[in-house]
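Taking it in order: structure first as structure tokens, then the write-up.
Read-outs: derived from the displayed coordinates by stated rules, not from any lab. These numbers were taken from a predicted model, which means no experiment stands behind them. Virtual Cβ from ideal backbone geometry, glycine too; neighbours counted across all protein chains shown.
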Amino acid sequence: MSLVSLALPAIRVYWIGFRVVLHQLLRRLLRPGWPLKPVFPLQNGNVAIVTGGTRGIGYHTVKYLARLGMHVIIAGNKEKEGQETVMKIKEEALNAKVEFLYCDLASMKSIHQFVQAFKAKNYPLHVLINNAAVMLVPERKTEDGFEEHFGINYMGHFLLTNLLLETLKQSGTHSHNARIVTLSSATHYVAELRLNDLQSSCLYSPHGAYAQSKLALVMSAYRLQHLLTAEGSHVTVNVVDPGVVNTDLYQNVCWAAKMVKWMTGWLLLKVPGEPRRGCIHINLCSSFTRVGRRWRLLSLQRAKDKICGRLL
Ligand SMILES: NC(=O)c1ccc[n+]([C@@H]2O[C@H](COP(=O)([O-])OP(=O)(O)OC[C@H]3O[C@@H](n4cnc5c(N)ncnc54)[C@H](OP(=O)(O)O)[C@@H]3O)[C@@H](O)[C@H]2O)c1
């Protein structure tokens, strides 16, 4: 295993991170009031599932949707933390329709059980937010033997989405499409999809594995939108890159990046809970009702260049 093959994915990921941060800073300096704070319509009667809604971007998404009257189900892998989050959001959002259902995306069995429990409630499903993720974790495997980034970030959400697709199709209407929103990342721009080693077992680079899982999500979202459009169903698929947001996702970055984040985070990074962009915007903004749209120019062409989407 050469040092260069390990260092290259890391350099690429930090490089793209630097570019996104610079972009955020310039936009903040040059257009301080932009984009304008949106006013979203009430969402009473609508149901959403948010994976990983116990902290970070997911937590703030749940809170925001609950404030708008949506019935939100948090799909998470820590029961106690999940129940505490529900109590907190119910108090803060003054909405009693927030629930926690156990779902460990590292386990296919758990995902099946989650969907079974959700379907037993006979709820419709208007929004599925594939938010949960791990980043830069050491090499380890999920219960089903997948490399963790690929298993949780991609395979887990792939299975969940497919098991819930029928319910989404039944809940979407011509005037109000159901939505699948997947959180990707700018790292997909620099990712390589290694089809002969998707589990990164020949060469494990945490940076490469994270970026690869995010590229896989982008590609499968485009493919799914294509299939849904072809069959005329009222479900849209969108991929969102939230930018660089100050959350626990960065707990495994190198110490130098942690130092930079600690010193400059207040200036350079976004804070979670910013509803002007990102998945909340996509869920609720009417311009996203018709087709799966690109957000922050997640690059279909680049994904296509890397490999044909049919393979995922
Ligand atoms: N923050 C950023 O700058 C940034 C940039 C680009 C993209 N994104 C994307 O935005 C999304 C949210 O990130 P974040 O910054 O909010 O991260 P975060 O604060 O680390 O939150 C991640 C969430 O995923 C959950 N999760 C992890 N493993 C899970 C599993 N096996 N089963 C179920 N849930 C699991 C975590 O739950 P536990 O606490 O129980 O582990 C947590 O609630 C991710 O998809 C990330 O890739 C973030």
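Just a few scattered comments:
- Note on the chain: dipole from Cβ charges, positive end direction compared against 149, 83, 263; the farthest Cα belongs to 263.
- For the stretch 182-261, average projected area of the Cα convex hull in nm²: 6.8 nm²
- Potential lengthening between residue 162 and residue 87 on full extension [0.36 nm per residue; Cα-Cα distance subtracted]: 24.0 nm
- Proportion of all alpha-carbon pairs of the stretch 1-117 beyond 19 Å (%): 62 percent
- Considering only 159, 93, 74, the residue lying farthest towards the positive end of the dipole of the stretch 64-172 is 93, judged by Cα position with unit charges set on Cβ.
- Stokes-Einstein diffusion for the chain at 25 °C, viscosity 0.890 mPa s, with a Kirkwood radius from C-alpha pairs, works out to 124 µm²/s.
- Among 67, 140, 31, the residue with the largest mean-square fluctuation in a Gaussian network model of the chain, with springs joining Cα atoms closer than 10 Å, is 31.
- In this entry, the stretch 122-167 is assigned a mean projected area of 3.8 nm², taken as a quarter of its C-alpha convex hull surface.
- When the chain is treated as a GNM with alpha-carbon contacts under 10 Å, the residue of 155, 70, 87 showing the greatest mean-square fluctuation is 87.
- Unit charges on C-beta of K, R, D, E only; dipole of the chain, Debye: 1080 debye
- Whichever aspartates and glutamates have a C-alpha closer than 17 Å to that of residue 169, once near sequence neighbours (fewer than 8 apart) are set aside: 231
- Pairs beyond 29 Å (Cα-Cα), from 109/258; 214/270; 97/258; 121/214: 109/258; 97/258; 121/214
- For the stretch 68-179, the extents of the C-alpha atoms along the principal axes are 42, 34, 24 Å, listed from largest to smallest.
- In plain terms, if you count all Cα to Cα distances in the stretch 133-225 and split them into 5 Å steps from zero, the share in each step is 3, 14, 24, 22, 16, 10, 7, 4, 2, 0 percent.
- Long-range amide H partners of residue 125 with built H, under 5 Å: 171
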